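Q: Submitted below is the structure of interest, expressed as C-alpha cells.
Rule-based calculations on the coordinates, nothing more; no lab input. The structure displayed is predicted, hence computed values, not measured ones. Cβ placement follows ideal geometry from the backbone for every residue including glycine, while neighbour counts extend to all protein chains displayed.
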Amino acid sequence: MIDVDGVHVTLGETAVLTGVDCLVERGELLGLVGPNGAGKTTLLRTVNGLLEPDAGTVTVDGDDVAALGSKALSRRVATVPQTTSLEFAFTVEEVVEMGRTPHRSRLDWTDATAAVERALARTETSHLADRPVDAISGGERQRVLLARALAQEAPVLVLDEPTASLDVNHQVRVLELVRELVDEGRTVVAAIHDLDLAARYCDRLALLHDGHVAAAGPPASVLTPANVEPAFETAVAVSEAELTGAPRVTAVADRPARDCRVHVVGTGRPAARALGACWRAGFEASVGVVPPGDVAATLATDLGATAVTAPPFAAIDRATREAVRDALDAADVVVLTTEAPDPASVEHLDDGRAVVDWRDGVDADAVDALDAEAGGESPQSDRPPAVVAAVLDELDEGVTGDD
Amino acid sequence: MRPSARAGLWSGGLLVTLAVAAVASAAVGPVHVDALVVAKACLNAIGLPTGLGVRLADATALGASLPVPVPVIDYAYPFDFALPGTAETIVRRLRLPRIALAAVVGFALASAGAVMQGFFRNPMADPSIVGVSSGAAVGAVATIALPLAIPFGLQAAAFVGALVTAFAVYVIATTDGRTPVATLLLAGIAVQTFLGAVISYLLLQSGESLEQAVYWLMGHLRNSSWAEVEVTLPLAILAFAVLLAYARDLNVMLLGEGDAQALGIEVERSKRILLAVSSVITAAAVAVAGVIGFVGLIVPHVMRLLVGPDHRVLLPTSALAGATFLVLTDTLARAGPVELPVGIVTAAFGAPFFLFLLRRREVHAL
C-alpha cells in the first residue's frame, strides 16, 4: 500500500534521511520507532506529501506522492499531526468538518455531513461538538484531530506521535481505536516514541536510526537489545509484559561498566530484584540455582545474564553442581537472598568467599545460624573491602530506587 | 445555523445599517437639506449597471494627448423623484460620491484586513502589512513632490506603487516556490521601513506641496467623485468575490500550513492568490483615499468577536462593517467646523475602542 523506496531528505544542512526503504501492507499498522531526531516525523512528512524527497520515491497504492496534487493526495492519506495551532475559537465540529475539505469544491459551503457525525461518534467526541476547540483538554484535542482525519475517509492514516501528550488512559484508548481502524482495513503508519505501546499495538515496527531503517519486522524481532541499544545509546533490558504479551523495554541510563562479577543465591522475586540491582549497577551477574521459569531465571535471560537452572523438587545433578561451582568461582562477590539456599550453592559457600547478606527481614540470629552452617567464617574476609562496599552501596541504592 | 445562512443574515442586517448610515450622512453638511429630500435624492442616485462598453479617452502623458481605451458601464436609474435642483445637486454631486467612496474604501480595507489577519495568523496584521500602503505613499508623494517626473495621475501612481511594492516583498520572501508567512511579515516590515525613508526624503524635497503630501498621507476623502467610485467599486466587488471563494481555504489555513496542505489545500497557490487579490483591493482603496489606518485592523477584530473565526461569515460582515465604519467616521471628519483627514478620525476613535476591548479581554489572538 505504501512503498518508501530509497528516500533521502536533507533539511537545511542536515541529512535527515539517507536511504529509507520501507513497505507497509494494506490493513497493517506500522510503528515508526527511534530516538528523538531519528527522522520519524520527516519520514511521515514524505508519506503525506508535506516534504518532497531529494531522492527516492514514496508511492501510495501505486501513485507517486510527489506527483499527486494536494487534494488528490489528501483523499488517499489523512494525517493526525503532532501539534496543531488550535488557538482560536472554532468549535470541535467545525474543526472536524474541515476534514471534509478534500471532498468539497471551494464554493460548497454545506456543513456537518454524515461523515463528520460518524467521525465524532467514532472518537467519542460527539458531546464536544459545540465546544470551542481551545477549551478542551489535551486528550480530547487528540481525539478531535483523529476525528478530523477520520472525516477525510482516506484509506491511509498517518499519525505523528498520537499519544505523546496523553495520560495512560487516553494513550490506550487512542491506540485501541487506531487498532480497530486497522482491523477494519485501514493502513496506518504511526510514529510512536513509547516503545512498549508501539510493541503492543503495531503489527510491525521499523526502527529508524542514523537516517535509515536499522531494523524492521514484528515488534519482538525489532526490540532486541542488539537493535535498541545502539539506536538509543542506552542500555536496555527487554522482557515480556505478562499482561499484554508484548515486549517491554526498560532503559537504564548510564549503566557503568564494572569489572566485577556477582552471583546471586536464591530464587523468586528477592533473587530477581537482587539480580536486577546488580545488573543495573553494572556488575556482571549470574543467579542460581533456580527453577526454569522462575522470575529470576526469566530476568537473567532478559538481561543476558547466566542462570543456573534445575527442576524444582528434584535432586540436583552433578552437572548443575559444577555449573554452580563455576559461577561461584567466577564471582567476586556472592549475594545471598534467601534463608534456605539450595544445597548445591551451600556446598560452596564455605570456601572463604565474600558473601553479602541481603535477606529481607532476616534477623541476626538467622544470619549467625547460616554463618555457622557455612563454616563459621566471617563472610567478608578474603575480598577487597572496597568491592564489597561497592556492592552493598549499589544494592541499597537499587533497592530503595525500586521502592 | 449553517454558515451561509449566518453570513446572509448578518450581511442583510449590516447592509441595512450601511444604507441608514449613508442616508444619515448625506443629511450632514454645511447646507441644511430636509431629511425626506435627502432620502429621495439618495434613491435617485441609485444606478443599476445594464451594460459594459469601451470608449476612447484622452490621457495626457508627457505633454502629448493619447487615446486610451476605457471600459464604460451603462447604468439605469430606477428612481426619479422630482426634487429641488440645489438640494439634489448638493446631495448627489457633492455628498453622495464621498459617502459611496468611503463605503467602498472601508469595504476594501476591512475585507483585506480580515484576510491578512487570517493569512498571517497574526492579530496585528492589517491590509498594508506587505508594504502596500508605503508603496502607494511613495507613488503619491512622488507625484505631489516631483510633479514633472511622473506622467500618470496621482492615483495611478499610488496604485502602481502599491502593487510593485507588494510584489517585491513577495519575491523577496519567496525561495523555492515557498513563501513562509514569517519571512513575508519581516520582509514587509523591512521594505516599509525603507520606503518610509524614501517618503521622508521626498517630503523634504516637496517644498510648497508639503501640506498636500502630508494631507494625502493622513488619508482623506475630500474631493471624491463618482468617477473614482466607478473605478474602485467594481474592482472591490470583483476582488471580494475572489476572497470570499477562498474563505474555506482561509479557515483551514488557520490550522497551520502543514495541516492545510494535508487537508488538500494547495497552500502556496492559495497564499499567492490571497496575497495578490488583497493587495489589489487595498491598493485601489489607498490610491483613492490615501493611508487610512485602523479600519483594516480593528473592524475584522470586532467582527470576529461577534461572528466567530469562520471566514465565510467573517469576511462579508467585516467588509460591510468596514464600509459602515468609514462612512460614519468620514461624516464626523467633515461635520466639524474644520474638515479633518478621515485617517485622524478612524485612529482617534478606533484606537481607544480597541483598547477598551483589549482591556475587557475580548480581543484575543485569532
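Q: Shape verdict for segment B:103-183, please, from the Cα gyration tensor: rounded (a/c under 1.5), prolate (a/b greater than b/c) or oblate.
A: Working: a/c = 3.06, a/b = 1.50, b/c = 2.03.
Note, shape of segment B:103-183 comes out oblate.
Q: Mind checking the full-extension length gain between B:Leu52 and B:Arg6? Use 0.36 nm per residue of separation minus the Cα-Cα distance, one decimal, nm.
A: Working: separation 46, 0.36 × 46 = 16.56 nm, distance 3.32 nm.
Extra length available between B:Leu52 and B:Arg6 comes to 13.2 nm.
Q: Follow-up question, since we're still on this one. Calculate the tail of P(r) for segment B:7-145: the fraction of all Cα-Cα distances greater than 24 Å, expressed in %.
A: 57
Q: Let me ask another. What does a probe at B:Tyr201 reach in segment B:168-186, counting residues whose amide N is under 19 Å from the point 7 Å along Cα→Cβ?
A: Within reach of a label on B:Tyr201: B:168-169.
Q: A follow-up question, please. One-quarter of the Cα convex hull surface for segment A:170-247, in nm²?
A: Mean projected area of the Cα convex hull: 5.5 nm².
Q: For chain A, what does the helix formula give at 222 nm: sum of -39500 (n - 2.57) over DSSP H segments with n ≥ 4, over the residue count, nearest 500 deg cm²/dmol? Can you show the working numbers first?
A: On the way: 15 runs with 149 residues, N = 403.
Calculated at 222 nm, the ellipticity per residue is -11000 deg cm²/dmol.
Q: Can you work out the Karplus-derived ³J(HN,Hα) for every residue in segment B:338-346? Use 6.51 cos²θ - 1.76 cosθ + 1.60 with θ = phi - 60°, whole Hz, and x for glycine or proline.
A: Per-residue couplings from phi come out as 10, 6, 9, x, 5, x, 5, 5, 4 Hz.
Q: What is the Cα radius of gyration of segment A:1-98 over 2.2 N^0.38 Å, N being its residue count? Could the numbers behind the result be given before it?
A: Working: Rg = 14.8 Å, N = 98, 2.2 N^0.38 = 12.6 Å.
The value comes to 1.18.
Q: Let me ask something else. Taking the alpha-carbon set of chain A, what are its Rg and Dmax in Å?
A: In order Rg, Dmax, the Cα atoms of chain A give 27.8, 94 Å.
Q: In nm², what is the average projected area of the convex hull enclosing the Cα atoms of segment A:270-311?
A: Dividing the Cα hull surface by four gives the mean projection, 2.4 nm².
Q: While we're on this one: Mind jotting down a quarter of the surface of the convex hull over the alpha carbons of the protein assembly as shown, in square nanometres, one decimal? Could you put the intermediate results ahead of the total?
A: On the way: hull surface 182.5 nm².
That works out to 45.6 nm².
Q: Ok, one more. Taking each residue of A:97-103 in turn, how many C-beta atoms of other protein chains fall within 10 Å of its C-beta, and what is the average? Each step should come with its number before you reach the end.
A: Numbers: counts 4, 10, 4, 3, 9, 4, 1.
The shielding value for this peptide is 5.
Q: Given a Förster distance of 60 Å, report the FRET efficiency between B:Val20 and A:Glu124 from their Cβ-Cβ distance, rounded to the nearest 0.05.
A: Numbers: r = 49 Å, r/R0 = 0.81.
Plugging the Cβ-Cβ distance into 1/(1 + (r/R0)^6) gives 0.80.
Q: Above 12 angstrom, tally the Cα pairs of segment A:193-234 and express them as a % of all pairs, no decimals.
A: Numbers: 469 of 861 pairs.
Considering segment A:193-234, 54 percent of its Cα-Cα pairs are separated by more than 12 Å.
Q: Take every residue in peptide B:304-314, count the Cβ atoms of other chains within 10 Å of its Cβ, and give the average of those counts. Walk me through the numbers before you get to the answer.
A: Details: counts 2, 1, 0, 0, 6, 6, 6, 0, 2, 0, 0.
Mean shielding count: 2.
Q: On to the next question. Counting only helical runs of four or more DSSP H residues, what would the 222 nm mean residue ellipticity of chain B come to if each run contributes -39,500 (n - 2.57) and the total is spread over all its residues?
A: Values: 15 runs with 245 residues, N = 366.
That comes out to -22500 deg cm²/dmol.
Q: Same structure again: Evaluate the distance, in nm, between pseudo-label points positioned 7 Å from the Cα of A:Glu25 and of A:Ser221 along their respective Cα→Cβ axes.
A: In this crude spin-label approximation the distance works out to 1.1 nm.
Q: Something else about it: When B:Ser128, A:Ser137 are ordered from fewest to most other Cβ atoms inside 10 Å of their Cβ, what list results?
A: Working: B:Ser128 31, A:Ser137 12.
Sorted ascending by nearby Cβ count, the order is A:Ser137, B:Ser128.
Q: So, one more: Roughly how crowded by other chains is peptide B:250-259, in terms of the mean Cβ count from those chains within 10 Å of each of its Cβ atoms?
A: Working: counts 0, 7, 5, 0, 7, 11, 5, 2, 11, 12.
Other-chain Cβ atoms within 10 Å of each residue's Cβ, averaged: 6.
Q: Going by C-beta contacts inside 10 Å, put A:His193, B:His32 in order with the fewest on the left.
A: Working: A:His193 16, B:His32 10.
Going from sparsest to densest Cβ surroundings: B:His32, A:His193.
Q: Pull up all non-local amide H partners of A:Arg131: gap of 5 or more, or a different chain, and H-to-H distance under 5 Å with H placed in the peptide plane.
A: A:Val92, A:Glu93
Q: Compute the distance in nm between two label points, each set 7 Å from the Cα along the Cα-to-Cβ direction, one at A:Thr57 and one at B:Thr89.
A: Inter-label distance under the simple model: 7.8 nm.
Q: Which whole number in µm²/s is D for segment A:122-222 by Stokes-Einstein, with the Kirkwood Rh taken over Cα pairs at 4 °C and 1.567 mPa s? Display every interim value, and only then the final one.
A: On the way: Rh = 14.6 Å.
D, rounded to a whole number, is 89 µm²/s.
Q: Under a Cβ-Cβ cut-off of 9 Å, what is the net charge of the residues other than A:Thr41 that fall near it, where Lys and Arg count +1 and Asp and Glu count -1? Please report the intermediate quantities before stating the final value.
A: Values: positive: A:Lys40, A:Arg45; negative: A:Asp160, A:Glu161.
Around A:Thr41, the surrounding residues sum to 0.
Q: Rounded, prolate or oblate: which one fits segment B:299-359, using the alpha carbon gyration tensor with axes a ≥ b ≥ c (rounded when a/c is under 1.5, else prolate when a/b beats b/c, else oblate)? Spell out each step's value before the answer.
A: Values: a/c = 3.98, a/b = 1.77, b/c = 2.25.
Cα axes put segment B:299-359 in the oblate bin.
Q: Taking chain B as the region of interest, what is the percent of Cα-Cα pairs per 20 angstrom bin, listed from the shortest bin to the one with the maximum distance?
A: Using 20 Å bins, I get a P(r) of 28, 58, 13, 0 for chain B.
Q: For the residues A:Tyr201, B:Tyr170, B:Tyr215, what sequence is obtained by ranking on other C-beta atoms within 10 Å, fewest first?
A: By the 10 Å Cβ count, ascending: B:Tyr215, B:Tyr170, A:Tyr201.
Q: Let me ask something else about it. State whether segment A:138-177 is rounded, prolate or oblate according to the following rule on the C-alpha gyration tensor (a ≥ b ≥ c being the square roots of its eigenvalues): a/c under 1.5 gives rounded; otherwise a/b larger than b/c gives prolate, and the remaining case gives oblate. Display every interim value, and only then the final one.
A: Values: a/c = 2.13, a/b = 1.84, b/c = 1.16.
Prolate, because a/c is 1.5 or more and a/b exceeds b/c.
Q: Here's a follow-up. Report the normalised scattering of segment A:44-157 as log10 I(q)/I(0) at q = 0.22, 0.23, 0.24 Å⁻¹, calculated by the Debye formula with identical scatterers on the alpha carbons.
A: -1.17, -1.23, -1.29
Q: Sticking with this one: Using the Kirkwood formula on the Cα atoms of segment B:75-146, what hydrodynamic radius do you get, in angstrom to one decimal?
A: Details: mean 1/r = 0.0641 Å⁻¹.
The Cα-based Kirkwood calculation yields 15.6 Å.
Q: When 1/r is averaged over all different Cα pairs and the result inverted, which Kirkwood radius in Å belongs to segment B:254-366?
A: 16.0
Q: Then there's this: According to the Kirkwood expression over distinct Cα-Cα pairs, how big is the hydrodynamic radius of segment B:60-207, in Å?
A: Numbers: mean 1/r = 0.0542 Å⁻¹.
Taking the inverse mean of 1/r over all distinct Cα pairs, segment B:60-207 comes out at 18.4 Å.
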